[in-house]
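Heads up: the structure comes next, in structure tokens.
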Amino acid sequence: MGEERCSYAYNRVLIDSGKVLDPQFDDAVIHVSGAQLEMLRNMTQYLARLSTYVAEYNPGYYLTPTIEDFDTILEIVADLEEVLMGNDNTIWGFYERWSDIYEHTMTESASYTLTGTVVPAGYVYVLEAAIHRNFDSAVTQLTKIVGGGIQIPIGEQELVGANSYGKELNRHHTLQAGDAVACRFYSAQDEDRLEIMVWGYKMKVPS
């Protein structure tokens, strides 16, 4: 079946059906407050209306998705309702702040990967920022997440001056159990002091 024509009102909040059917964002673990969760739960009633979605704009009116596309959207809405209302193990709330400082003193001249504490079982850590420095030498540095033997780059900075901070994050990163933050210091010298400072928050996974 084809689209439905609806009068366009500028005070309506419309959702682009194409972005729902072909999302532009990756799946994510999020932190919401109790009040935010209550609003999201009520919002699902609005999401189940065909007139909420726009497939095409026209002067004075818009076209809604086809019935076939709307059936797919309703399946997504039903899944969201289950996440918000029926699955306590999907949304993990804020547990406590997380911050650590990791340090190492070189005993030779070489490249070195300074690795932080591994995230324990039963937790998810959200990394908000990571700062690293070599107190004594100017070196090329690379910050990355290391987990399960897989190294995932999260930022790179060429040539940071001695005792200068390099900040390597422009978005949050989720670390699951077994992951750790690490920084690769290239061309570090004997007796150089290396440091990483990280902060973010912890989410406790319900058992």
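The values are calculated or read from the model by the stated rules, or taken from the named source; none is laboratory data. Keep in mind the model is a prediction, meaning the values are calculated, not measured. Counting neighbours? That spans all protein chains shown, and the Cβs are built from the backbone with ideal geometry, glycine included.
Picking from G166, G148, G200, which residue would you name as being surrounded by 13 or more Cβ atoms within 10 Å (Cβ to Cβ) and at pLDDT below 75?
The unique qualifying residue is G166.
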Filter pass, W92 being modelled with pLDDT of 85 or more and among the aromatic types (F, W, Y): no
Single unsatisfied condition, R133 versus (1) modelled with pLDDT of 90 or more; (2) over 24 Å from D26 (Cβ atoms): (1)
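Conditions tested, residue by residue: (1) loosely packed, with under 13 Cβ neighbours inside 10 Å; (2) of a type in the set (A, V, I, L, M, F, W, C).
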site	(1), (2)
A121	yes, yes
Y125	no, no
A129	no, yes
L142	no, yes
Near pairs, Cβ below 9 angstrom, 6+ apart or cross-chain, from the range 176-191 (among the aromatic types (F, W, Y)) to any residue that is not in a strand (DSSP E or B): F185/M106; F185/S137; F185/D192
Residues that are within 17 Å of the chain's Cα centre (by Cα) and either among the hydrophobic types (A, V, I, L, M, F, W, C) or not assigned by TED's automatic domain parsing to the domain that holds Y165 (or both), drawn from the range 125-143: V126, L127, A129, A130
Strands (runs of 3 or more DSSP E) enclosed by the range 103-151 - at least 1 residues per element that are touching a residue at least 60 places away in the same chain (Cβ under 8 Å): 110-115, 123-134
Positions within the range 59-75 being of a type in the set (V, I, T) and touching a residue at least 60 places away in the same chain (Cβ under 8 Å), in sequence order: T64, T66, I67
Selected residue (only one of T52, T44 is in contact (Cβ under 8 Å) with a residue 40 or more places away in the chain and under 20 Å from L84 (Cβ atoms)): T44
